[in-house]
Amino acid sequence: MKTHPGALLISALATVATAQTEDSQVKQHADTISHRYCEVDKEITTPLIKFKINLTNAGGLPVVFYPEPYPPLLVSGTLNDLRRRKYEFQLHAPDVFEPPDENTERRRVPHIIRAGETVESTTMEITVPTPRTLQYSKFEALDPGNHYVYLVMDLNAVDTTTFVRAISPPVEISVEKNPKLEKCQ
């Protein structure tokens, strides 16, 4: 387990069985590469977490991957609950409306992952709302403490309407109650 400044503790659990089945076409592995806490307002803070992901196409069909994704997170309070699909929180990708510029245009260029290939990328910063007051339920924000997450990616098989799901092994995060905060932009 690695301890990071800013009080967000994150580690990939390499010894835990992956959430994917043996016949899954695309294997995913995730590690955290950065994190910070932002103050949203007087009632909500948010850890901003960026992951490094590796996707390996173990099947026969090539799949389409868009770099810098915002994968949904499935979150549980215990590793057992995560494995049994008893999620305390599901964080889906937000609608992002950015004016086109050089960076967003480059990010939209897809990469084809062919059979046997591995692609490494980073995610966008993923925001996880954390309450500072008792006005929010656990379904609206993630309480401070230890949590386990799966990163989920749905990739389109080339020239088909078929999607292939890649789920990371569990990643443990520990959200601090009173972290050092930055202003969100």
Considering only the range 111-125, state which residues are of a type in the set (A, V, I, L, M, F, W, C) and within 16 Å of residue 72 (Cα to Cα). 124
Filter pass, residue 70 being of a type in the set (Phe, Trp, Tyr) and closer than 14 Å to residue 30 by Cβ: yes
All but one of (1) at pLDDT 90 or above; (2) acidic (Asp, Glu); (3) in contact with a Ser or Thr (Cβ under 7 Å, 6 or more places away or on another chain) hold for residue 172; state the number of the condition that does not hold. (1)
What pairs can you find where one residue is in the range 35-61 and touching a residue at least 24 places away in the same chain (Cβ under 8 Å) and buried (at least 18 other Cβ atoms within 10 Å of the Cβ), the other is aromatic (Phe, Trp, Tyr) and part of a strand (DSSP E or B), and their Cβ atoms are less than 6 Å apart, with a gap of 6+ or different chains? 45/37; 47/37
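Within the range 46-66, which residues are over 18 Å from the mean Cα position of the chain (by Cα) and assigned to a strand (DSSP E or B)? Walk me through it before giving the result.
We begin by selecting, within the range 46-66, every residue over 18 Å from the mean Cα position of the chain (by Cα); these are 57-64.
The answer is 57, 63, 64.
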Any residue at all in the range 127-134 that is among the β-branched types (Val, Ile, Thr), at pLDDT 90 or above and crowded, with 18+ Cβ neighbours inside 10 Å? no
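The values are calculated or read from the model by the stated rules, or taken from the named source; none is laboratory data. On a predicted model such as this, the values are computed, not experimentally measured, just so you know. When we count neighbours, we look across all protein chains shown, and the Cβ atoms used for this are built from the backbone with ideal geometry, even at glycine.
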